[in-house]
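First comes the structure, then the notes that go with it.
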Amino acid sequence: MSSKKDFLERHSIKQLLKTTLHHNLENITTHLKAFLHTKDPESLHQYRVYIRTARSICLEFNDFMDEKRHELLDKTLKILQQETNEMRDLDVFLDALEAYKQSVDEMYWDDFEQLRAKLLAEKEVAYQHFEEKFTPKLQAKIFDELDALQSDEKLCLAKSEEKLFRHIKEIIENRLKKIAKISKKLDIDSSNERFHKLRLHYKKLRYTCDALSLKQFAKSFKPIQTAFGKVQDKNTQIERIKRYNSANSTALQQIIDLLEEEIAHDKQDCIEKSSKEALQTMHEKFEKIFTCKAC
């Protein structure tokens, strides 16, 4: 029997929820403390990844959780995540800025330095606001509440004692069906919202599979998530540049044009990665987890 299938047959939904929540809440706390101490963007990124993983697992298995406790848990995690959206967007933009700068004539580089200065000023304000808001006292309060929720014996319903294997195939297939339904209507002229929605579906699928110890299957979604992430990041960056470009800077307009051109290529990449054929291959890989005896 494969180790993947063995994991699903040995563990209950309750075990998964309790173990995953405990592990992720520990890491959320660790990376938040590290971020507040060092202001390292990577710590912020990891903090957000663990929040998303916890939310994804709770979402996929919400039918096995007490409704009120699940809503409170997700609401708290969502607030923690949303509080960092602006900071993460600024970090990503600043990280990409040097590459954008090299794509325009040197005569416009002063405009770039002005853009960088504005981004850094916004980042400093955003970071300071976050630090002032998340005092040690507030951190302790929030994480005590989250710990109490994940430790609450009433969080999981009685049916959560059932083994993962009995339910996980249907749960993952339902997520794949949602992805297939949206992907069917995906084309180069689709709204940014449609691309963003698909990105979130792939994220939930990846984080859930990772928590289920389906590591290789989860890893296969990273390139897809990255492709959709490029579209989202660049759209966000265009909107920010437009807010800054009150003086109609030639350099900034060139960057907007460049990003719009790149988005067209990125969207095509997303369409190919989320095609009917690609999704069929994903489904076949998932089916092998339940049929392969020697893998």
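The values are calculated or read from the model by the stated rules, or taken from the named source; none is laboratory data. Source: prediction; values computed, not measured. Cβ: placed from backbone, ideal geometry, glycine included. Neighbour counts: every protein chain shown. With ligands, DNA and RNA removed, areas are computed over all heavy atoms of the protein, side chains included. Shrake-Rupley method; radii C 1.70, N 1.55, O 1.52, S 1.80 Å.
Would you kindly state how much longer the chain becomes between Gln102 and Gln254 on full extension, computed as 0.36 nm times their sequence separation minus their alpha carbon distance, in nm to one decimal?
Working: separation 152, 0.36 × 152 = 54.72 nm, distance 1.17 nm.
Separation in residues times 0.36 nm, less the Cα-Cα distance, equals 53.5 nm.
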Worksheet entry | Of (i) 19.4; (ii) 21.1; (iii) 20.2, the label for Kirkwood radius over Cα pairs in Å derived from the coordinates | (ii)
Discussion item. How tilted is helix 250-273 with respect to the longest principal axis of the chain? Cα atoms for both, answer in degrees (0 to 90, nearest 10).
Written reply: 30
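State which stretch of the chain is the longest one without any exposed trypsin sites (Lys or Arg not before Pro), exposure meaning a DSSP loop state and at most 10 other Cβ atoms within 10 Å. Don't skip to the end; give the middle numbers.
Values: sites that count: Lys154, Lys185, Lys293.
Here the longest segment lacking exposed loop sites spans 1-153.
So if R0 is 35 Å, what FRET efficiency would Lys222 and Asp147 give, r being the distance between their Cβ atoms, rounded to the nearest 0.05? Kindly include the intermediate steps, with their values, before the conclusion.
Numbers: r = 30 Å, r/R0 = 0.86.
With a Förster radius of 35 Å, E is 0.70.
Using helices alone, what [θ] at 222 nm do you get for the chain, with -39,500 (n - 2.57) per DSSP H run of 4 or more residues, divided over all residues and rounded to the nearest 500? Could the numbers behind the result be given before it?
Numbers: 13 runs with 236 residues, N = 295.
The helix-only estimate for the chain comes to -27000 deg cm²/dmol at 222 nm.
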Fill in: Estimated FRET transfer efficiency when R0 is 30 angstrom, pair Leu138-Glu170 (beta carbons, to 0.05)
0.15
Response to the item:
Note, region 236-247: 3J(HN,Hα) by Karplus (6.51, -1.76, 1.60, θ = phi - 60°), whole Hz, Gly/Pro = x, goes 5, 5, 4, 4, 5, 4, 4, 5, 7, 7, 5, 8
Worksheet item: Any idea how far the Cα center of region 117-181 sits from the one of region 265-286, in Å?
Response: 27
Discussion item. Residue by residue through region 139-147, what is 3J(HN,Hα) from phi via Karplus (6.51 cos²θ - 1.76 cosθ + 1.60, θ = phi - 60°)? Round to whole Hz and write x for glycine and proline.
Written reply: 4, 4, 4, 5, 6, 5, 5, 5, 5
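Skip the ligands, DNA and RNA, and give the accessible area per residue of the chain with a 1.4 Å probe, whole Å². Walk me through the numbers on the way to the answer.
Details: 15600 Å² over 295 residues.
Counting only protein heavy atoms, the per-residue value for the chain is 53 Å².
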Discussion item. Modelling each spin label as a point 7 Å along the Cα-to-Cβ direction, I'd like the Ala247/His23 distance in nm, to one decimal.
Written reply: 5.2
Worksheet, complete the sentence: Sequence order, region 198-212: Karplus ³J(HN,Hα) from phi using 6.51 cos²θ - 1.76 cosθ + 1.60, θ = phi - 60°, Hz rounded, Gly and Pro as x, gives 5, 4, 5, 4, 5, 4, 4, 5, 5, 5, 5, 5, 5, 5, 8
Discussion item. Contact order normalised by length for the chain, with contacts defined as Cα pairs under 8 Å and 6 or more residues apart; what percent is it?
Written reply: 28
Worksheet item: Which far-off residues, 5 or more places away or on another chain, put their amide H under 5 Å from the one on Ser12, with H placed in the peptide plane?
Response: Leu164
Worksheet, complete the sentence: Given backbone amide H placed at 1.01 Å from N, residues whose amide H is under 5 Å from that of Cys156, ignoring those fewer than 5 places away on the same chain, are Asp66
Worksheet item: What is the spin-label model distance, in nm, from Lys185 to Glu284 if the labels are put 7 Å beyond Cα along the C-beta direction?
Response: 2.9
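Can you send over the carbon and sulfur percentage of the accessible area for the chain, probe radius 1.4 Å, protein chains only?
Working: 7790 of 15600 Å².
That fraction is 50 percent.
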